[in-house]
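Novice: Could you have a look at this structure, given as structure tokens, before my questions?
The numbers here are math on the coordinates, done by the rules we state, and not lab data. Predicted, not measured: the structure shown is a model, and the values here were computed from it. Heads up, the Cβs are rebuilt from the backbone with ideal geometry, glycines too, and the neighbour counts pull from every protein chain shown.
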Amino acid sequence: MDMSRVPSLSKQKGMAMFISLIMLLLMSVIILHGARASTLELLLGNNAQHTAQALMAAEDSVIAGENLIELNYGGAPTVDYSASANDGIYVAGEIGVNTVDWSGYAAERIGAGDDYREYIIEYLGPATATGGSLSVGADVASDIRYLYRVSGRGASSRGGARVVQTIYATAE
């Protein structure tokens, strides 16, 4: 074998190291990009979870307010709906429940700490019903319905808050 035609090993030692360093750099970039994407997806998932937690708490507070109406204030209302009362029940128009800060209003609060629910009930007044209603009952003799707006607010442990409103009707 003619040794003059075989490339010298000393000329190729640096090339293998250079290629392996390039490959190591590319693999590091791919791994770092994957780790960054995973962290972002984890944060987005946590945010969605806390948003859902606040919405469920708000819906739960609305149900608590509707239960209070059904149990205690069915028919013609006989409670103090003035803003000076400290029971979370008002006459419509006295409050702006869509405001971000509920601290100026008395609200019925359920729960403690960062995970809480609260509701405000507004009496909207009587209304004449036209036709039957599944929610109030088609077999109710009176056509007068007493309407309430129930606004529920729920918060998550991470500070997110949601507000849900319903209109609730009772009959005599």
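Novice: Full-extension gain between ILE167 and VAL29, please, as 0.36 nm times their residue separation minus the C-alpha to C-alpha distance.
Specialist: 44.1 nm
Novice: If you don't mind, there's one more thing I want to ask. Highest mean first, how do 40-49, 149-158 rank when packing is the count of other Cβ atoms within 10 Å averaged over residues?
Specialist: 149-158, 40-49
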